[in-house]
Amino acid sequence: MSSTVVAVAGGSGKLGRVIVESIIKAGGFTVFVLSRDATGDAKLQGTDAKVIAVDYTKPDSIARTLEENRIDTVISTLGSMSGTDPEMALIEAANKSGITQRYIPSTWGIKYTPEVAEIFSIAKGKIAYLDALEKTSLQYTCVINGFFLDYYVEPYVKSYLTGLTLAIDIANKAAAIPGSGNVPVVFTYSFDIGRFVAALLGQTSWEKESYIIGDKITLNEFLAIAEEARGTKFETTYDSLEKLRSYQVTELPAHPPMYPYFPKQMLQGMCAVFGILFEEGFFDLKPENSLNDQFPEITTRKIRDLVSEAWRGK
């Protein structure tokens, strides 16, 4: 079956909003947004999406909501900061619903394996989602898209993903490269992800993994592109794997303003973890098949073009 009525959990902000807008733009779908409250209505003004308030502690109630609205596909963009319970409840609800048949879990990024979980503790929850889905009758796919390119080009390129500066601080002409900087990394622009997800909904069957390759370059190559766009060399340091494994990174100028809402120790740890994953090749995606191959009519935005659009002349 293909999808016709879709619900996006967490669809009022960040990646969820991108996906909602992309599905509506593609046409042919009825789109709902599942939200903890109805405040998402204001954020989604101007779209054709209807916001439904749900309680993620009550999977039976969510299941009834899915049935009452004839929702055949659920896409989750729920964040990890609230733990795994909301997503597990949503999976349970989708499986209980007599209408819902398809599910995309909130596992955006890389392929989450026990090896990744040893480095990145949040991966344990992602793996739990997949284990839970395997025990259901739902058809599901994990979208694997690498790192979000948006963080390097907002606010000058449209994006709802904001507030993270990792490795290359283009605004302040500085860089703290994890490891050698010579390992390829996949970066994908969020609106390209949205277009591929909309295309997936029209397919009658899904693979368990759906790869998207926006662009793939090393951090050193990315740095050179950023320096070219800004017209100057950046103040650059390299953080060794030993330093990264102690959950420390070189502080970038963009980091201190974040500390009031993202404490320094937490931010350092997160940047270090991603640095390890970059350097050890977990973002060097090498799929046998990708959505790029499946949908050749969808062309992705490349790093050089987006960085130039965002930063040249600034």
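The values are calculated or read from the model by the stated rules, or taken from the named source; none is laboratory data. Because the structure is predicted, anything quoted here is derived from the model rather than measured. Virtual Cβ from ideal backbone geometry, glycine too; neighbours counted across all protein chains shown.
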Checked 305, 239 against criteria (in the same structural domain as residue 171 (by TED's automatic domain parsing) and buried (at least 17 other Cβ atoms within 10 Å of the Cβ)); the one match is 239
Flagged in region 226-240 as touching a strand residue (DSSP E or B) at 6+ places or on another chain (Cβ under 8 Å) and farther than 16 Å from residue 309 by Cα, in numbering order, are 234, 235, 236, 237, 238, 239
Inside region 1-51, the number of residues satisfying the requirement of being at pLDDT 95 or above, surrounded by fewer than 20 Cβ atoms within 10 Å (Cβ to Cβ) and in a strand (DSSP E or B) is 2
Only one of (1) at pLDDT 95 or above; (2) in a loop (DSSP other than H, G, I, E, B); (3) within 24 Å of residue 124 (Cα to Cα) does not apply to residue 80, and that is (1)
When residue 293 is run through (1) closer than 30 Å to residue 200 by Cβ; (2) assigned to a strand (DSSP E or B), the failure sits at (2)
Of the listed residues (240, 246), the one being more than 25 Å from residue 108 (Cα to Cα) and either free of Cβ contacts under 8 Å to residues at least 40 places away in the same chain or under 22 Å from the mean Cα position of the chain (by Cα) (or both) is 246
*Looking at this structure, is residue 225 buried (at least 17 other Cβ atoms within 10 Å of the Cβ), in contact (Cβ under 8 Å) with a residue 40 or more places away in the chain and over 24 Å from residue 107 (Cβ atoms)?*
yes
Residue hits (region 110-127; closer than 22 Å to residue 248 by Cβ and among the aliphatic types (A, V, I, L, M)) are 116, 117, 119, 122, 123
_Among the residues in region 143-162, are any in a helix (DSSP H, G or I), surrounded by fewer than 20 Cβ atoms within 10 Å (Cβ to Cβ), assigned by TED's automatic domain parsing to the domain that holds residue 261 and not hydroxyl-bearing (Ser, Thr, Tyr)?_
no
